[in-house]
Structures are given as structure tokens and as C-alpha cells.
1. State, to one decimal in nm², a quarter of the convex hull surface area for the C-alpha atoms of segment 1-59, i.e. the direction-averaged projected area.
2. Among Phe404, Phe220, Phe226, Phe82, what is the fewest-to-most ranking by other Cβ atoms within 10 Å?
3. Could you pull out every residue, at least 5 positions away or on a different chain, whose amide H is within less than 5 Å of the one on Val141? Hs are placed 1.01 Å off N in the peptide plane, and Pro or chain starts have none.
4. Plugging the Kirkwood radius over Cα pairs into Stokes-Einstein for segment 278-380, at a temperature of 4 °C and a viscosity of 1.567 mPa s, what D comes out in µm²/s?
5. Grab the DSSP H runs of the chain that are 4 residues or longer, score each as -39,500 (n - 2.57), total them, divide by all residues and round the 222 nm result to the nearest 500 deg cm²/dmol.
6. If the viscosity is 1.306 mPa s and the temperature 10 °C, what Stokes-Einstein diffusion coefficient in µm²/s follows for segment 115-247 when Rh is the Kirkwood radius over Cα pairs?
7. Distance in nm between label sites at Met241 and Arg212, each 7 Å beyond Cα in the beta-carbon direction?
8. Amide H of Asp44 versus every other amide H placed in the peptide plane: which residues, excluding those fewer than 5 positions away on the same chain, fall under 5 Å?
Amino acid sequence: MKCIGPFSQVVTLRGLPEQGALADEQLEIIEAGAVVVDYGHIVDVGRFDQLADRYPATDTTLIEGEHVLLPGFVDCHTHCCFAGSRAQDYAMRVAGKSYLDIAKAGGGIWDSVTQTRAASRSELVRQTAMRVNRLVREHGVTTIEVKSGYGLDVINELKILRAIREANLYTPADLIATCLAAHLKPRDFDGDAAGYLEHVVTALLPTVKRDRLASRIDIFIEESAFGTAEARRYLQQAKAMGFEITVHADQFSAGGSALAVECGALSADHLEASTDAEIALLAGSDTVAVALPGASLGLGMGFAPARRLLDAGACLAVASDWNPGSAPMGDLLMQAAVLGAYEKLTLAETLAAVTYRAARALGLADRGTLDAGKRADMQAYPTADYRDILYHQGAMKPTQVWKFGACIQ
Ligand code: NIG
Ligand code: FE
């Protein structure tokens, strides 16, 4: 058992509502605070002097100087297991070329599929570990969801999911794998979109389940990807096999989020095109609304209606969507802060969106707040005022990160 502190402020994020708007005054901020940690879990959180009295025989890790302690961030939506670059797409996009022009020139998701298929599993492990470790080091992220979806055939989807599992060995973060074989109908599949999804259900998902490669599946519902009718069947089949579900929804056109709610998805992600109807549906459900500002920045498009989602009562999370096409930056903290500035989110709402509300999008109740019984996943920033963290829009980096109670930086 050890006591870590004192911190100028400990922002616990505990005791807050799961859904809806939050005022900064609702945040619990413990001045001169500390945490007591045992076997990777938090035993107690409180004032440093009081904890020292309460746990007199405990070792103390003294924190020098001004620091604010927060829960480790959770990035609940990434595609960071990929090979190759799509800089060519970006250059064409900023030169005004259309999605269709880019696809015709060999760009788009299919380009990343080709490059990722050509990469070995060990190369994917190396690149994934490098990316997730940057999220840990520079953004204090301690839990990271990683999707497959650049394989799009049985062999390559399994290669990617195995690479994600192996990358877990080379990072202190927890990597949570999601099977996104339903990212796009592959060009080389002989059949229609519904036939491809049927193929995924019969030829891929049983192995994913048997080898415990992922407990979650995702589908991209969009005119250019999968329609709601075939997606409904796929989601129902995957659910019946015991998978948790999540959906790429309402990115360019609305529709996916309604199906996500109907199917009891853990989250509906993107939502840039959500209208009042989708906002009301999400707010009335347990499905977490995940905004992906990195994709809006990468594509030069509007943000998801985060303010309206919160005001309607939805649970809002923010994730980086780190991928080679729409969101190559991967800077979660910067993106969350910028979304907050544009959408007028309180600091409490933005911090909730990258901590306990993002953990909920992954179905994880054991992290995201600093509270007794939770995992000791934590990070400290070099300031005495927690408001400085989002104010610097990602330029202030954590000086220390703890995963499962162990200081990893
Ligand atoms: O979340 N929208 C679909 N999938 C990714 C983009 C993938 C890519 O362009 O490679 C996204 O933005
Ligand atoms: Fe995505």
C-alpha cells in the first residue's frame, strides 16, 4: 500500500451524473489531495494530511511542486493498427478534390486496406505500440480502444486483431480490441454488401470469439459503406453470438444512430450529421454518443452537435478516431479541448467525456474516476489549477502517468 501526494488539486470526477450537462461547480476538487493505492486499485482519496493520519504505516511517494491529478484518459475509438500513409488523400482533399476523385485515384479506406494487408503482423505490432505509447506519454491515455477494419478478409482481419493483442505486451495501456470487418465491402469480395456481412458472421466471427480476439464489433453505416437493413441483421447476429456492439453512425448522413439505439449498442460514434431526431433518440437511450473531433479536423468538416447532445441529456464521450484517412493526428487532449471551445462545453463536460463517460462507451465501470475500488490509472499535470489543462488545448503534457498503480512515466 502506498500514499501518493500531495497534489495541488485532485480532480476525482466521481459522483457525477452518467448523462447530460455538467457545470464545473459539480466537480469534486480536493486541494492538497492524495490517493492511497494498493494492488493496482485506489483504496482512498482525500486530503494528504488526513490520509497520512488514516494510514500511518503506509509508504509515501512524495510529489514535489505543483501538480494536478486526474484519472487516466480513455480513448474509446481508434483505428490505430494500420500500415502506410494517406497523405495523398489529404493533399487532394485540401486541393478541393471530391471523395469520388480521391477514390478514383486509388485513395480512401481501400488504400489503407491494401497497405495493411501487405504489412506483416510484427510490423503492425510495432507501429501500433508506437502510436498507443504516444497516447500514453503525451496525452495521459491509459485505456485505448483499437479497431481492426483494414484487413477486410478473414486472414487479414485475424492478423490485425492478433497484432492488437500482441501490442498489449509492448504498452502499459490497456488495448481493447474491436472487430470492424464491416468497415467497407471489400472490392475483391464476390457478392453484395449483405453477402459480405453474412460471410463475416460465418467465416470470421466464430474465430474471433473462440480465440477471444475481441468482445466487440463495429459497423460503418453510411451510403458509401453499409445500409441500415443489412446492418440490422449483422448487429442482431453478432449480438446473438455474444458480442457487444458499437456503430460508426451519422458521419455524413443520419440513420446509423437510430439503429444503434434500437440494437442496444454501447455507443454510436461520429454523429456529425445527427439531427434533433437522432439527438432525442440518443438522449433517451443508454447508448453513449461519441464525438470524434479529429475526423472533423482532418476532413475540414463540422463537429458533432456535442452541446445539443448534452443539453438533451445524452452521455457524451470524445475520442481521437486515430486512423490514416480522416484523423491521422491522434492528439486526444488537443481535439477534446478544441471541440469544447467550438461547442461551448464546460471543462467538466470535456473532462467527463474523456474519462468515465468514455469508459462507459467501452462498458468499463472500473476506471475513469479517482474513487475507492477503481483502477489506479492516473496522470499528473504541472500546474496548480486544473483549468490550465484544457486551456492549453493539448500543449500541456502530463508529467507523470500511473497505470494500475505503477508509475510508468
Ligand atoms: O472513423 N468512417 C469510417 N472510418 C474511419 C475512416 C477510416 C479511413 O478513412 O481510413 C473514421 O473516420
Ligand atoms: Fe472511426
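Read the figures in this text as sums done on the coordinates, not as results from a lab. Treat the numbers as computed from the prediction; the structure is a model and nothing was measured. Here the Cβ is made from the backbone with ideal geometry for all residues, glycine too, and neighbour counts use every protein chain on show.
1. With every direction weighted equally, the projected area is 4.6 nm².
2. Least crowded to most crowded, the residues run Phe404, Phe220, Phe226, Phe82.
3. Phe73, Val136
4. Rounded, D is 92 µm²/s.
5. So the calculated ellipticity at 222 nm is -10000 deg cm²/dmol.
6. 105 µm²/s
7. Placing both labels 7 Å along Cα→Cβ, they lie 1.8 nm apart.
8. Here Val36 satisfy the definition.
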